[in-house]
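Derivation of every value follows stated rules applied to the coordinates shown; laboratory data play no part. Everything numeric in this text was worked out from a predicted model, so none of it was measured. All Cβ positions, glycine included, derive from the backbone under ideal geometry; neighbour counts span all protein chains shown.
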Amino acid sequence: MGNYQYTIWILILPFAAFLFTGILSGKLKPSFTAAISIGAIGIATVLSYFAAIQYFFLNASESYTAIEAASFTWYRLSDTLVIDMGILIDSISVMMLVVITTVSLMVHIYSTGYMKGDDGYARYFTFLSLFSFAMLGLVLATNLIQIYVFWELVGLSSYLLIGHYYQKPSAVAAAKKAFIVTRFADLGFLIGILMLSYYTGTFSFSEITDPNGPLITQTIGGVFLGLSTLTWAMILVFMGGAGKSAMFPFHIWLPDAMEGPTPISALIHAATMVVAGVFLVARMFTVYSLAAPEALEVIAFIGAFTSLFAALIAITQTDIKKILAYSTISQIGYMMMALGVSGYSGEAGLGFTASMFHLFTHAFFKALLFLGAGSIIHAVHSNEMKDMGNLRKHLPATHITFLIATLAISGIPPFSGFFSKDEILAAAYASNKLYFAVEYLVAGLTAFYMFRLYFKVFWGKERTYENIQESPASMTIPLWILAFGTLFAGFLPFSHLVTTDGIPFDTHFHWNIALPSVGIALAGIFIAAALYKKESARSQKIAASLGAFYSVTKEKFYVDEIYIFITKKIIFNLISMPVVWFDRHIVDGFMNLTGNTTVALSFRIRKFQSGNIHQYALVFLTGILIATLFYLFYYPN
Amino acid sequence: MLTYNLNILLLVPIMTLAGIVLVKDTRNARIVTAIGMSVQLLLVFVLLYMYMAERNAGNIDEVLFYQDFTWYESLNIRYSIGVDGIAVGLIVLTGIVVFAGVFASWLMKDLVKEFFFWLILLVTGVFGFFISLDLFIMFMFFELAVIPMYLLIGIWGTGPKEYSAMKLTLMLMGASAILLVGILGIYFNSAPDGGALTFNILEISKVNIPIDAQRFFFPMVFVGFGVISALFPFHTWSPDGHASAPTAVSMLHAGVLMKLGGYGVLKVAIYLLPDAASEMATFFLIFVTIGVIYGALSAVMQRDLKYINAYSSVSHVGLILFGLLMLTKTALNGAVLQMISHGLITALFFGLIGMIYGRTHTRMVSEMSGLLKVMPFLSVAYVIAGLASLGMPGLSGFVAELPIFVGAFSHPEPFYRVITVIAISSIVVAAVYILRVIAKMLMEKVKEEANNKLTDAKWYEKISVISLLLFIVAIGLVPFWLSEMIMTSLEPIIRRLN
């Protein structure tokens, strides 16, 4: 144990920076706004590292336990159900603190160069602070509602930052799409939360994920369509995670989100927010593993399928950020699959450890790849690979750091990606050979498409560039720092730090898996080198020979078109339009009919009130006559 | 100990009315109104403070600041007033919305004196409604709030204003007639064991009205109050009425008047007829749930800003009735929070729509673009209102809707959980129609040449917008003071239900 109360400042500082610069927006100098944001995240970074060292290395006991560093009641829903806001310190949250603050700080510094001269410079940094706050709050959450609150806030900051260039129609559309797709997925998350709280009467993670708690030890709820209610709830929770982490079929928003500024893609859409879904599953892992194994199977399947699906698409894309986006989807698929095949406690929990390890290393090398891509785009003013070539001559620092990250993601030792991918493959091998085969293939595909990108951009034919030069130090220094992380993050003894039950275990190196996986990665690299190192017609010929398969992958398997069909044709035209018609013509029509009938009726009745004495006299006499006749007939005696 | 005289909440509007009548210049009429409503807002906060101080001091009376005068002895109609936490919350809402509404109609040109006169008369009715504890007096104030609406829309409105005003008034009057029968039904059954009949809510709440009478009169009271809360299928007055109404009237109507219905359902239908409420909730929930999802789906296809917001209100006010009919403490708490939250959000929306319309002279979403560049203040406020409306945490919409959903979902009947899921899905649809407007109207480049010269908010508009925004954020970030205040006052109602 120990005192972690200072961690509250990790949340307060970015939030204060957001409020301060947001309220005074327009009154502060943009550079001052940036300085405040950087200062806030800088201190938060120091505190996060301090917390990590204190938690992992100054901890005397054998195992890691969860500690509630702070907690206060936000508001009460009923006498028993309470929403708290607090800070939960455990191995995955501390690990995430390190990832988030490091990448966020790098992106902050990098952005001072990348966004220089942008109209929305101050606004950009304000939202960056908001994002950092929300993301840190998400991983520190002590309960389901708190995580949902920050979950929505990261979604909001993602929306605001994708739409940074709000005058550009494609950016506006991408921001809207990202928000609505994830919002739809969050619907599942919210319903899942309601189901869990209904059965447990609490939102608190420590109670829900307690391995000896009632949710796990007792069977609760009924059975629906062959699965227990709890399994359904956990699948719904995963639906939220799948939305944020861009798992199939919710992946469609992430490639479009590349419309945002590139440092944002590095921070939000590569290293931190998109892995929130993985984090969520990890956070609830005890429940998944011990009480809802069917839900875990779903996760493994979705993860494996998505990793293959996205890797195939990545091969045919031509926009460097889109390639990286599909690569991110594929790598997150890896992490999800690893969680899905993991068991609980000890070495059975290797998948869990491997997933967190890959999340950690991926954050470094993928952020590095995106920031490198940003540096390239900054230099050549284009996202398309056809405008690039032979850039290693012009951008030496970008080139070296980009190569390091490419080697890491391809799984070449001794770069960090090699170690984490090896553990994932080992976990898959131990549990499900089919998933292992898929991920093995994906490892080769990854090496291929990443080196396709690398060779096309840094080698190949020289293009005509306008006064091209290497990016300023504010951009290259973060590249070097992340490259340093990419080089050494793989040597962390992760199974001693992050495990399913907090008890460290030893992993041994899996030569039988490592050697073939390096082999397939090298094969991918060699094919890519043969095809793309020198510009030639060979790649086009192969593409042409693949025919329909090539075009289907290039069109991303037409998933976007299916979505458009469902929303525009079905929801708008077949549901909303009829509802509007019904409202205007039936419901309102009935009201108008009532009104008009009344008016028509009163026009008739009005004639009785004509003011004409003769008419009154006539009516009067007729009435008397009828009454008399009635009287005579009814009472004949 | 100093006590709060609730009559002052009526006195200030009445003095304001007198001031409006007395001043000659139209310019002075709006200044008198602004001063009057500022004082009123201040007094509302004093009430809030004193109410909370009194509760903290340990006063556990059902209502505070109670006063009682005989008004019409032979029928036992009494002028009894007093407030609980729910009423205080809604009085605060009213104070803020009226204050913002007056500043939003600063540039009113035609018949200024008359406009403000009817507006403040309406407001007087609303304040009276919330402080009264006698059903008869309550009904009178209710009518006082509804009738000026006809003139305000019919004279100062836009578009097919006579039609809209007529439709609105007739539908609300029709509902009032049913409501009156319901109230009289309660009155004639208020002393089943003999003794004097009474209109007093506190006294009726101590007796059990015979179940047959409850079954007969609950639907009347519920529908009577429900129509003004846009209960499906009696909601069609709302889009037309709001679209035709001038800005301040839309703000007040959607912001406050639609809440009179929810308040009435809670304090009269549910509190006084609890057994029938439990029996019949399921039946009415079907209509309410249809309204929630139906309003949202209709809003998606609308092109006029006011129609979008009107249908959105049908959906969000539907959630109030939805929460109320769940009859659990959590959901009731959420329903009351939603009354306040939606009141603030929709008033902000209608205020902003009025301000944008005043500049662009169109309310068609397709005829505007890129406004964020030319009027950043109004646009940012619109975005925040939109986020609050779609339930973004940190703003009031989320803290109001969450308890409704949690409370509804914790009902043991599976049917309730199914309709809760249907109702929750409306928040996704809300994201669609709100973000669509933001994307089309505020983002991208300014396509209409003339819009490049538009100016941003003036000082009086800023006062109006900021006062509403401040409370949306305050409730969203720190909800416990409000929810505690409401929750304590829900106790007597919950006790009656069990």
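Using C-alpha pairs under 8 Å with a sequence gap of at least 6, the mean separation divided by the residue count of chain A gives a relative contact order of 12 percent. Only Cα sites of the stretch B:94-169 enter the Debye sum here, all with the same form factor; the resulting log10 I(q)/I(0) across q = 0.13 1/Å is -0.43, listed in q order. Sorting B:D275, B:D240, B:D61 by the number of Cβ atoms found within 10 Å of their own Cβ, with the fewest placed first, yields B:D61, B:D275, B:D240. With a ≥ b ≥ c the root eigenvalues of the C-alpha gyration tensor of the stretch A:299-368, is it rounded (a/c under 1.5), prolate (a/b larger than b/c) or oblate? Verdict is oblate for the stretch A:299-368.
Which is the longest part of chain A that has none of the chymotrypsin sites (Phe, Trp or Tyr not before Pro) sitting in a DSSP loop with at most 14 other Cβ atoms within 10 Å? Maximal segment without exposed cleavage sites: A:58-508.
With +1 assigned to the C-beta of every Lys and Arg and -1 to the C-beta of every Asp and Glu, and no other charges, what is the dipole magnitude of the stretch B:230-339 about the Cα centre in debye, to the nearest 20? Can you show the working numbers first?
Working: 5 positive and 4 negative charges, 46 e Å.
For the stretch B:230-339, the charge dipole is close to 220 debye.
Size descriptor for chain A, Kirkwood hydrodynamic radius: 26.8 Å (Cα pairs only, one decimal).
Which lysines have a Cα lying under 21 Å from the Cα of B:K267, excluding residues fewer than 8 positions away in the same chain? Here the lysines satisfying the reach criterion relative to B:K267 are B:K206, B:K259, B:K329.
Taking amide hydrogens as placed 1.01 Å from N in the peptide plane, the amide H of B:F199 sits under 5 Å from those of B:R78, each at least 5 positions away in sequence or on another chain. Look at where the Cα atoms of the stretch A:374-434 and of the stretch A:164-183 average out, and the two centres are 27 Å apart. For A:V82, the amide hydrogen comes within under 5 Å of the amide hydrogens of A:L77, A:F203, counting only partners 5 or more places away or on other chains and with H modelled in the peptide plane.
Modelling each spin label as a point 7 Å along the Cα-to-Cβ direction, I'd like the B:F45/A:F224 distance in nm, to one decimal. For the pair B:F45/A:F224, the computed spacing is 4.7 nm. Please compare each pair in A:K176/B:K447; A:K366/B:K373; A:K29/A:K116; A:K386/A:K556 to a cut-off of 24 Å on the Cα-Cα distance and tell me which ones are over it. Table pairs above 24 Å Cα-Cα are A:K366/B:K373.
Couplings 3J(HN,Hα) for the stretch A:254-266, derived from phi with the Karplus relation 6.51 cos²θ - 1.76 cosθ + 1.60 (θ = phi - 60°), are 5, x, 5, 5, 5, 5, x, x, 4, x, 5, 4, 5 Hz, where x marks Gly and Pro. Dividing the mean sequence gap of close Cα pairs (under 8 Å, 6+ apart) by how many residues the stretch B:334-471 holds gives a relative contact order of 42 percent. Stokes-Einstein D for the stretch A:499-605 at 10 °C, 1.306 mPa s, Kirkwood Rh over Cα pairs, in µm²/s? Diffusion coefficient, whole number: 72 µm²/s. Helix A:293-316 sits at what angle to the longest principal axis of chain A, using alpha carbons and giving 0 to 90 degrees rounded to 10? Approximately 70 degrees, to the nearest ten.
Counting every other Cβ atom within 10 Å of each residue's Cβ, B:M251, B:M171 order from fewest to most as B:M171, B:M251.
A cut-off of 5 Å between modelled amide H atoms, ignoring neighbours fewer than 5 places along the same chain, links A:N143 with A:F205.
Placing unit charges on the Cβ atoms only, positive for Lys and Arg and negative for Asp and Glu, gives chain B a dipole magnitude near 1420 debye about its Cα centre. The equivalent ellipsoid of the stretch A:368-446 has semi-axes of 32, 13, 9 Å, largest first, where each one is the square root of 5 times an eigenvalue of the Cα gyration tensor.
Each 10 Å bin from zero up to the one holding the largest Cα-Cα distance in the stretch A:253-404 carries the following percent of pairs: 12, 37, 29, 15, 6, 1. As an equivalent ellipsoid, the stretch B:256-317 spans semi-axes of 28, 14, 4 angstrom, where each value is the square root of five times an eigenvalue of the C-alpha gyration tensor, largest first. For chain B, relative contact order (Cα pairs under 8 Å, six or more residues apart, normalised by length) works out to 15 percent. Of all lysines in the structure, the ones whose alpha carbon falls short of 24 Å from that of B:K113, not counting any fewer than 8 places away in one chain, are B:K24, B:K161, B:K458, B:K462. Placing unit charges on the Cβ atoms only, positive for Lys and Arg and negative for Asp and Glu, gives the protein assembly as shown a dipole magnitude near 3380 debye about its Cα centre.
Remark: the stretch A:80-88, residue by residue, has Karplus-estimated 3J(HN,Hα) of 10, 8, 10, 9, 9, 10, x, 10, 10 Hz, where x stands for each Gly or Pro and the curve is 6.51 cos²θ - 1.76 cosθ + 1.60 at θ = phi - 60°. Size descriptors for the protein assembly as shown: radius of gyration and Dmax over Cα atoms are 32.9, 126 Å.
Computed from phi, the 3J(HN,Hα) profile of the stretch A:100-109 under the Karplus parametrisation 6.51, -1.76, 1.60 (θ = phi - 60°) reads 5, 5, 4, 5, 4, 4, 4, 5, 4, 5 Hz, with x in place of Gly and Pro. When Rg and the Kirkwood Rh are both derived from Cα coordinates, the Rg/Rh ratio for the stretch A:200-285 amounts to 1.11. For the stretch B:348-451, the equivalent ellipsoid built from the Cα gyration tensor has semi-axes of 35, 13, 10 Å, listed from largest to smallest.
Counting only DSSP H runs of at least 4 residues, each contributing -39500 (n - 2.57), and dividing by the residue count of chain A, the helix-based mean residue ellipticity at 222 nm comes to -22000 deg cm²/dmol.
How would B:M339, B:M138, B:M166 line up from fewest to most surrounding beta-carbon atoms within 10 angstrom?
Fewest-to-most ranking of B:M339, B:M138, B:M166: B:M166, B:M138, B:M339.
For chain B, adding -39500 (n - 2.57) for each run of n ≥ 4 DSSP H residues and dividing by the number of residues yields -23500 deg cm²/dmol at 222 nm.
Beyond 18 Å, the tail of the calculated P(r) for the stretch B:1-75 holds 56 percent of the Cα pairs.
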